[in-house]
Amino acid sequence: MSNPPDTAAAPAEPIPECPHCQKPMPLCICESVTPIENRLSLLILQHPQEQDRALGTARRLARHFADATVRVGLSWPSLSKALGRPVENASHWAVLYLGSARAADLEAEGEIVALNRKGEVAENQRAMLARLEGVVLLDGTWSQAKALWWRNPWMLKCQRVILNPAHPSRYGRLRREPRSDGLSTIEAAATILAGLERRPDIADTLHASFERLLTRYREVQAEMPELAPKPAPKGRRRDFRRRKRA
Ligand SMILES: [Zn+2]
């Protein structure tokens, strides 16, 4: 408490929000979005309590793609309803799964690992991954993503994939790991779409986009700390990891 905030100097007017990324305007980088034509459809389901507008990446991610949908909510009756258009075969969609299986423990090769219903490495990896038409990402903290999984039983008809990322998250110490694989939503999308579409340029574009977002965040943190709060203290990070492995 050595540095109490100077509330007397705080502006009375609320800071406007960008209608596209929903971030406070000083954090918005919507003026530069590199468009990506995607073959696989992308559906991002965001938990309604996902409050991290400053560092969240779901809307930024969706802005890049010609075919991407963001839905905020807890449950939908079917994949078609969540997506807003008919889906013929949900088994041609994959959910980035958050089960207890850790890719590193499964002795799987590659950054994208398909699981069978028992949570084991699927035998027909390549054929299954090659058939995919779309990917569902769950946006929120680990426990929020878990809630989305349990509240949407239609996901059981989809394939399950987990990631075995070659690089740690670029969030670094900015925030605790939001996903069981430790990646931000935009980084998870970069890995899975670049891998499935065999297009490294997708990963390059999304990683550059994420770096821009983090750079802007750090700049704003220096000037307007109330918009870009410091990360949670270390103790919380450790607690989170312990729970994750339990
Ligand atoms: Zn914006």
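The values are calculated or read from the model by the stated rules, or taken from the named source; none is laboratory data. Here the structure is a predicted model, which means the values were calculated and not measured. Positions of Cβ are backbone-derived with ideal geometry, glycine not excepted, and every protein chain shown enters the neighbour counts.
Descriptive notes on the structure:
- Candidates are the residues of the range 208-230 that are at pLDDT below 85 and under 19 Å from Arg60 (Cβ atoms); the one that is surrounded by the fewest Cβ atoms within 10 Å (Cβ to Cβ) is Pro229.
- Scanning the range 137-155 for residues that are crowded, with 22+ Cβ neighbours inside 10 Å and charged (D, E, K, R) turns up just one, Asp139.
- A Cβ distance below 7 Å, combined with a sequence gap of six or more or placement on separate chains, defines the contacts here; from the range 130-144, residues that are under 17 Å from Leu156 (Cα atoms) reach residues that are among the β-branched types (Val, Ile, Thr) and in a helix (DSSP H, G or I) in the pairs Val135/Ile192; Leu137/Thr185.
- Beta carbons closer than 8 Å, at least 6 apart along the sequence or on distinct chains, pair a first residue in the range 15-30 that is under 14 Å from Glu226 (Cα atoms) with a second that is crowded, with 17+ Cβ neighbours inside 10 Å and β-branched (Val, Ile, Thr) for Pro26/Val220; Leu27/Val220.
- Yes/no for Glu13 being at pLDDT below 95, within 16 Å of the ligand (Cβ to nearest atom), loosely packed, with under 12 Cβ neighbours inside 10 Å and of a type in the set (Asp, Glu): no
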